[in-house]
Amino acid sequence: MMKKQVKLGFLVLLLLTLVFVVGCSEREQVMVPPRADLQGAQRLAVVSFDNYTVDPGLSLEVETRLIESLQGYYHVVDRHTVQSALSHLGVRRGSTITNDIIYDLGNILRVDAIITGEIDTYFEDVSLLTPRRTSTYTHGSETRARWSSGQNTSVLVRMSVRVIGVDTGWVLYTKRVSGAYDSSSYETLSWSSLDPPPKSIVPETNRREIPNARLRAVRDAVSSFTVDLLPTYVWRRVQ
């Protein structure tokens, strides 16, 4: 009787395995082209963004992340080559990128389109969170508490980005995007009373999380722009 049950269980498992394999074999992963129509542009260059914020390094960060995001699907000219071409044309960072400059850049860099834009908003904030009692414990005949203090770090970036064809000067794709990141961090306080701790032992805010929050916000904004420029992959049933 036991042998028959084992054999039956084995047959059921084998049948389920075959069903799974057959089901998987009827589906394949296919690439869906980007939703944005760049009219065949495959060679791109990211040109210096206008930066109207208080963070002078923000444009460089945005340009770097755009190149990283797009270079897996497009041929994107590296930043140093672009800067060399701009210097050759006598164009300084922050100068207005005219259609003539775009056309000349296209010839020098041999690209189909350039990506440029404006960063108009950068906001960062660090605020204290109300100390919280995380647990209680018994010490002798006393009930004591463990407390922690925290802070919230927020960064917001907003920008407008355009893809411009070098031959016509026409805008092939444009989008206004924003990116944000919030994080909270806590540390244990040297306070064991059941009453809330006094302000004198609560640490002041610090900017330790700002660099990471800034990077995450920029990546979020860049991703919001490139999502329509990159292909997606879906599973489809094989006919």
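The values are calculated or read from the model by the stated rules, or taken from the named source; none is laboratory data. All values reported here derive from a predicted model rather than from experimental measurement. Positions of Cβ are generated from backbone atoms using ideal geometry, with glycine treated the same way; all protein chains shown enter the neighbour counts. Calculation scope for accessible area: heavy atoms of the full protein, side chains included, ligands and nucleic acids excluded. Shrake-Rupley method; radii C 1.70, N 1.55, O 1.52, S 1.80 Å.
Can you list residues whose amide H is under 5 Å from Thr121's amide H, if they're 5+ apart or on another chain and H is modeled 1.01 Å from N?
When sequence neighbours closer than 5 places are left aside, the close amide H contacts are Arg158.
So what are the ³J(HN,Hα) numbers for the range 205-217, from phi and the Karplus equation (6.51, -1.76, 1.60; θ = phi - 60°), rounded to whole Hz, Gly and Pro as x?
Once θ is set to phi - 60°, the couplings for the range 205-217 become 5, 9, 9, 4, 8, 4, x, 5, 5, 4, 4, 5, 5 Hz.
Net charge within 12 Å of Gln83 by Cβ-Cβ distance, Lys/Arg positive one each and Asp/Glu negative one each, not counting Gln83 itself?
Local charge sum for Gln83: +1.
Can you list the HN-Hα couplings for the range 28-37, worked out from phi with the Karplus curve (6.51, -1.76, 1.60; θ = phi - 60°), rounded to whole Hz and with x for Gly and Pro?
With coefficients 6.51, -1.76 and 1.60, one gets 9, 8, 10, 8, 9, x, x, 6, 7, 9 Hz.
Can you give the FRET efficiency for Asp37 and Arg207, using 1/(1 + (r/R0)^6), R0 = 41 Å, r = Cβ-Cβ distance, to the nearest 0.05?
Calculated value: 0.45.
Between Leu172 and residues 5 or more places away or on another chain, which pairs have amide H atoms under 5 Å apart, with H built 1.01 Å from N, and which residues are they?
Amide H neighbours of Leu172, under 5 Å, 5+ apart: Val163, Ile164, Gly165.
Rg (Å, one decimal) plus Dmax (Å, integer) for the alpha carbons of the range 122-169?
Over the range 122-169's Cα set, Rg and Dmax evaluate to 24.8, 83 Å.
How far, in nm, would the chain grow between Ser185 and Ser224 when pulled straight, counting 0.36 nm per residue and subtracting the alpha carbon separation? Show your work: numbers first, answer last.
On the way: separation 39, 0.36 × 39 = 14.04 nm, distance 2.64 nm.
Gain on extension, Ser185 to Ser224, equals 11.4 nm.
Once all Cα-Cα distances of the chain are split into 5 Å bins that start at 0, what whole-number percent is in each one?
Spelled out per bin, shortest first, that is 1, 6, 10, 11, 10, 9, 7, 6, 7, 7, 7, 7, 6, 3, 2, 1, 0, 0.
Mean separation of Cα pairs under 8 Å and 6+ residues apart, divided by the residue count of the range 124-210: what relative contact order is that in percent?
The normalised contact order for the range 124-210 reaches 33 percent.
Please calculate how many Å² of accessible area the chain carries per residue, with a 1.4 Å probe and no DNA, RNA or ligand atoms counted.
62 Å²
May I ask you to give the percent of accessible area on the chain that is carbon plus sulfur, with a probe radius of 1.4 Å? Could you put the intermediate results ahead of the total?
On the way: 7820 of 14820 Å².
Carbon and sulfur together cover 53 percent of it.
Net charge within 10 Å of Thr136 by Cβ-Cβ distance, Lys/Arg positive one each and Asp/Glu negative one each, not counting Thr136 itself?
Residues near Thr136 contribute +3 overall.
Relative contact order, percent, of the chain when contacts are C-alpha pairs under 8 Å separated by at least 6 residues?
After rounding, I find 25 percent.
So for the range 58-195, averaging the separation of alpha carbon pairs under 8 Å that are six or more residues apart and normalising by length, what relative contact order in percent results?
Once normalised by length, the contact order is 21 percent.
In the neighborhood of Asp195, defined by Cβ-to-Cβ distances under 15 Å, what is the net charge if each Lys or Arg adds +1 and each Asp or Glu adds -1?
Values: positive: Arg132, Arg133, Arg144, Arg146, Lys199; negative: Glu142.
Every neighbour counted, the sum reads +4.
At 1.306 mPa s and 10 °C, plugging the Kirkwood radius over alpha-carbon pairs of the range 91-196 into Stokes-Einstein gives what diffusion coefficient in µm²/s?
The Stokes-Einstein estimate is 85 µm²/s.
Give a residue-ordered list of calculated ³J(HN,Hα) values for the range 132-138 (Karplus: 6.51 cos²θ - 1.76 cosθ + 1.60, θ = phi - 60°; whole Hz; x for Gly, Pro).
For the range 132-138, the Karplus curve yields 10, 8, 8, 6, 10, 8, 9 Hz.
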